[in-house]
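Peer 1: Could you have a look at this structure, given as structure tokens, before my questions?
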Amino acid sequence: MPYKKFCLVCSGKQCESGKSEEIYKELKKLTMESSICQNVQIVRTGCFGLCSKGPIVKILPDETFYVNVDVKDAKAIINDHIIAGQPVERLMLKHDNPAKESRFYQKQIRIALRNCGIINPEDITEYIARDGYAALSMALFEMKPMDIIEELKKSGLRGRGGAGFPTWMKWKFTHDIKDQADEIFIICNADEGDPGAYMDRSILEGDPQSVLEAMALAGYACGSSMGYIYIRAEYPLAIERLYKAMDQAREYGLLGKNILGSGFDFDIEIRLGAGAFVCGEETALIASIEGERGMPRPRPPFPAVKGLWGKPTVINNVETYANIPKIILRGGDWFGQIGTEKSKGTKVFALTGKINNSGLVEVPMGTTLREIIYDIGGGIPNGKAFKAAQTGGPSGGVITAEHLDTPIDYETLGALGSMMGSGGMIVMDEDDCIVDVTKFYLDFSVDESCGKCAPCRIGTRKMHNILRKITMGKGTMDHIQQLRALAVPMQKASLCGLGQAAPNPILSTLKYFEDEYLAHIRDHRCPAGVCKALVTYTINPDICIGCTVCSRKCPNNCITGERKKPHVIDQDNCIKCGICHEGCKFGAVQIA
């Protein structure tokens with residue numbers, strides 16, 4: 001008997017931390033205890049994208065969207081909605097248009113994320129029901145390997161992992177030399193390490209079969225029978241679901257020997273990484289799979305010609321692969337109609353930081369930053385002003401308010417001094433110190449540099465030390481020139497992308513926020529009030545009513561004053577913890 005209602009429960013990492021698994025179990029238990037168990041299916045899905053409103057539960061077919069759900073809400077969802085037919089209003093996402101779609105989803109086109117939040121990622125039949133493996137079947141029985149590469153060429157798909165290299169070209173390099181090699185490998189780069197980025201992890205958790213199918217397509221197109229997924233060990237849920245997906249695909253004859261009776265063999269193994277950021281660079285990743293320390297190698301030769309164990313190797317990241325089955329099925333021309341002239345298709349961004357609707361968003365290339373921040377992201381919390389968005393993670397740069405209407409694609413981001421990267425987008429408001437943020441990214445690069453080449457090993461450390469001095473009030477005017485003098489040669493001389501891109505945040509913030517650097521150096525002032533060494537807390541006697549909250553909360557006992565009279569901070573003993581500022585309800589404690 002077919003089910004009449006479906007209750008979809010997000011089991012993405014963000015919702016899982018909000019006890020979505022307990023919600024799922026409670027919904028399942030209540031359903032089994034009632035008379036409706038034959039009519040209602042409770043499904044565990046991947047990420048819905050709107051992570052800031054999780055845990056999320058969606059009811060089908062009426063598409064009621066419940067947010068911030070708690071375990072105790074399960075009873076109301078079953079009794080009121082499923083049994084009585086009355087949606088639980090207090091849990092519903094507030095709609096702001098007649099089509100009953102949240103603005104978060106209105107401007108999105110979900111291709112890579114097409115199955116996330118819709119199917120049970122642990123059930124291959126649900127993927128097949130959504131046209132899963134139809135592209136592989138079509139390719140094996142109706143297309144030649146070069147036909148697949150031609151469709152990718154028409155689509156204009158470029159690598160979603162960072163550099164944006166045309167995917168079809170990478171595949172063709174390997175295809176053209178396959179007769180000269182005794183073995184060819186296909187690798188999926190799932191070593192996602194950018195701070196705040198979790199696009200690839202969410203795709204693997206929510207739709208692992210799409211990546212397996214795409215890798216099999218790559219194997220057929222390039223003449224390979226073996227693939228590897230390199231994923232960091234700190235993604236246990238994604239790893240668990242990948243193993244289940246691979247087992248099911250083999251059981252259904254979609255991986256392994258003689259796939260679908262076509263005579264084509266292709267299988268996949270998983271290799272776990274220890275979480276080193278540099279292993280996102282493809283030659284370092286290959287070294288890690290080979291059992292060596294994850295360090296980059298000079299290029300050329302490129303992996304497409306000489307990669308894993310010296311054999312031709314195709315490497316793409318998770319998001320790139322997730323697009324491919326849909327491109328083969330609907331044709332490259334269909335995909336090429338989406339996006340801009342040089343940047344086709346969609347891009348998944350992990351929208352985080354000072355934003356109301358944080359989460360995963362997939363938008364057509366060419367969508368403006370304003371649309372992402374305000375229409376999809378819901379704007380900046382607490383009415384604060386937008387200051388900048390960091391794109392491309394620690395290797396990228398900032399986009400400022402004056403560029404809010406710039407269409408986002410590979411070319412425009414590069415022209416602004418930033419980059420697409422893997423798709424991290426961290427929003428900053430007026431309370432963020434741009435020098436402190438830049439220091440954070442350099443700190444990350446210092447820790448993650450493998451140390452193989454001197455420009456990266458020494459350059460990141462030198463630049464970080466200068467930034468630290470500036471934030472401590474010990475900066476000099478020479479430091480600005482020194483930062484530029486180090487950054488530009490380092491971009492040219494470093495061996496791999498980590499070192500070449502590490503100076504990007506410095507050059508980008510110096511370009512747009514040099515006045516903020518100068519305020520730290522020349523005026524010994526942090527305009528955002530973040531750098532403790534440059535901050536002074538004072539109490540405005542005209543506002544202070546003498547409530548004594550600040551003096552009672554001060555951990556160093558350096559605030560004095562009689563009750564109902566203005567208080568005073570002893571500047572010599574103030575440790576600048578900011579607790580008095582946070583605790584004052586009247587705004588009397590001020591930052592200078």
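The values are calculated or read from the model by the stated rules, or taken from the named source; none is laboratory data. Note that the structure is predicted; figures quoted are calculated from it, not measured. Positions of Cβ are generated from backbone atoms using ideal geometry, with glycine treated the same way; all protein chains shown enter the neighbour counts. For the accessible areas, the whole protein counts, side chains as well, though only heavy atoms, and no ligand, DNA or RNA atoms are used. Shrake-Rupley method; radii C 1.70, N 1.55, O 1.52, S 1.80 Å.
A quick yes/no check of all residues on (1) touching a residue at least 60 places away in the same chain (Cβ under 8 Å); (2) in contact with a Cys (Cβ under 9 Å, 6 or more places away or on another chain); (3) of a type in the set (A, V, I, L, M):
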{"site": "PRO489", "(1), (2), (3)": "no, no, no"}
{"site": "ASN504", "(1), (2), (3)": "yes, no, no"}
{"site": "LEU518", "(1), (2), (3)": "no, no, yes"}
{"site": "PRO527", "(1), (2), (3)": "yes, yes, no"}
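Peer 1: Give the residue, chosen from ASP478, ASP523, that is closer than 22 Å to ALA388 by Cβ and surrounded by fewer than 18 Cβ atoms within 10 Å (Cβ to Cβ). Spell out the reasoning first.
Peer 2: Details: ASP478 fails: closer than 22 Å to ALA388 by Cβ.
Going through ASP478, ASP523 in turn, the sole match is ASP523.
Peer 1: For region 166-224, which positions are within 20 Å of ILE289 (Cβ to Cβ), among the small types (Gly, Ala, Ser) and not in a helix (DSSP H, G or I)?
Peer 2: Correct list: ALA181, ALA190, GLY193, GLY223, SER224.
Peer 1: To continue, here is another question. Report whether or not ARG271 is open to solvent by 10 Å² or more (accessible area, probe 1.4 Å) and of a type in the set (Lys, Arg). Quick ask: steps written out before the conclusion?
Peer 2: Working: open to solvent by 10 Å² or more (accessible area, probe 1.4 Å): yes; of a type in the set (Lys, Arg): yes.
When the stated conditions are applied, ARG271 passes them.
Peer 1: Name the residues in region 417-469 that are on the phi > 0 side of the Ramachandran plot and buried (at least 18 other Cβ atoms within 10 Å of the Cβ), would you?
Peer 2: Correct list: GLY417, GLY421, GLY423.
Peer 1: State all residues of region 553-588 that are open to solvent by 80 Å² or more (accessible area, probe 1.4 Å) and on the phi > 0 side of the Ramachandran plot; if no residue qualifies, say none.
Peer 2: ASN557, LYS564
Peer 1: Oh, and also: Whether any residue in region 215-230 is within 19 Å of the chain's Cα centre (by Cα) and among the hydroxyl-bearing types (Ser, Thr, Tyr) is what I want to check. First the steps, then the outcome.
Peer 2: Here is the first cut: in region 215-230, the residues within 19 Å of the chain's Cα centre (by Cα) are 229-230.
Still in the running and among the hydroxyl-bearing types (Ser, Thr, Tyr): 230.
Within region 215-230, one or more residues are within 19 Å of the chain's Cα centre (by Cα) and among the hydroxyl-bearing types (Ser, Thr, Tyr).
Peer 1: Output the qualifying pairs, or none if there are none: Cβ atoms under 7 angstrom, residues six or more apart or on different chains, first residue in region 141-155 and among the acidic types (Asp, Glu), second residue crowded, with 18+ Cβ neighbours inside 10 Å.
Peer 2: From residues that are among the acidic types (Asp, Glu), the pairs are GLU151/ILE327; GLU151/ILE328; GLU151/GLY332.
Peer 1: Within region 207-218, is even one residue modelled with pLDDT under 95, assigned by the TED database to the domain that holds GLY162 and buried (at least 24 other Cβ atoms within 10 Å of the Cβ)?
Peer 2: We begin by selecting, within region 207-218, every residue modelled with pLDDT under 95; these are none.
Within region 207-218, none of the residues are modelled with pLDDT under 95, assigned by the TED database to the domain that holds GLY162 and buried (at least 24 other Cβ atoms within 10 Å of the Cβ).
Peer 1: Give the number of residues within region 293-351 that are open to solvent by less than 40 Å² (accessible area, probe 1.4 Å), out of contact with any strand residue (DSSP E or B) (no Cβ under 9 Å at 6 or more places or on another chain) and not in a helix (DSSP H, G or I).
Peer 2: Result for region 293-351: 2.
Peer 1: Considering only residues of region 526-552 that are open to solvent by less than 30 Å² (accessible area, probe 1.4 Å), assigned to a loop (DSSP other than H, G, I, E, B) and among the aliphatic types (A, V, I, L, M), which is nearest to ALA588 (Cα to Cα)?
Peer 2: VAL535
Peer 1: How many residues are within 19 Å of VAL348 (Cβ to Cβ) and either of a type in the set (A, V, I, L, M, F, W, C) or free of Cβ contacts under 8 Å to residues at least 24 places away in the same chain (or both) when one looks only at region 415-438?
Peer 2: Residues flagged as within 19 Å of VAL348 (Cβ to Cβ) and either of a type in the set (A, V, I, L, M, F, W, C) or free of Cβ contacts under 8 Å to residues at least 24 places away in the same chain (or both) within region 415-438 amount to 5.
Peer 1: Continuing with this model, one more query. Would you confirm whether or not region 232-239 contains a residue that is assigned by the TED database to the domain that holds ARG160, among the acidic types (Asp, Glu), under 30 Å from PRO505 (Cα atoms) and surrounded by fewer than 24 Cβ atoms within 10 Å (Cβ to Cβ)? Don't jump to the end; show me each part of the working.
Peer 2: Here is the first cut: in region 232-239, the residues assigned by the TED database to the domain that holds ARG160 are 232-239.
Still in the running and among the acidic types (Asp, Glu): 234.
Remaining after also requiring under 30 Å from PRO505 (Cα atoms): 234.
With the extra rule that they be surrounded by fewer than 24 Cβ atoms within 10 Å (Cβ to Cβ), the set shrinks to 234.
Yes, that holds for at least one residue.
Conditions tested, residue by residue: (1) within 26 Å of VAL435 (Cβ to Cβ); (2) in contact (Cβ under 8 Å) with a residue 40 or more places away in the chain; (3) not basic (Lys, Arg).
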residue: LYS532; (1), (2), (3): yes, yes, no
residue: THR548; (1), (2), (3): no, no, yes
residue: PRO566; (1), (2), (3): no, no, yes
residue: ILE569; (1), (2), (3): yes, no, yes
residue: GLY583; (1), (2), (3): no, no, yes
residue: VAL589; (1), (2), (3): yes, yes, yes
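Peer 1: Which ones in region 368-393 are surrounded by 24 or more Cβ atoms within 10 Å (Cβ to Cβ) and not aliphatic (A, V, I, L, M)?
Peer 2: GLY377, GLN390, THR391, GLY392, GLY393, listed by residue number.
Peer 1: Assuming ILE82 fulfils every condition listed in (1) at pLDDT 95 or above; (2) touching a helix residue (DSSP H, G or I) at 6+ places or on another chain (Cβ under 8 Å) apart from one, which condition is it?
Peer 2: Status for ILE82: all satisfied but (1).
Peer 1: Give ALA454, ALA487 a once-over and let me know the one that is among the hydrophobic types (A, V, I, L, M, F, W, C), farther than 21 Å from PRO195 by Cα and in contact with a Leu (Cβ under 6 Å, 6 or more places away or on another chain).
Peer 2: Working: ALA454 fails: in contact with a Leu (Cβ under 6 Å, 6 or more places away or on another chain).
Just one listed residue meets the conditions, ALA487.
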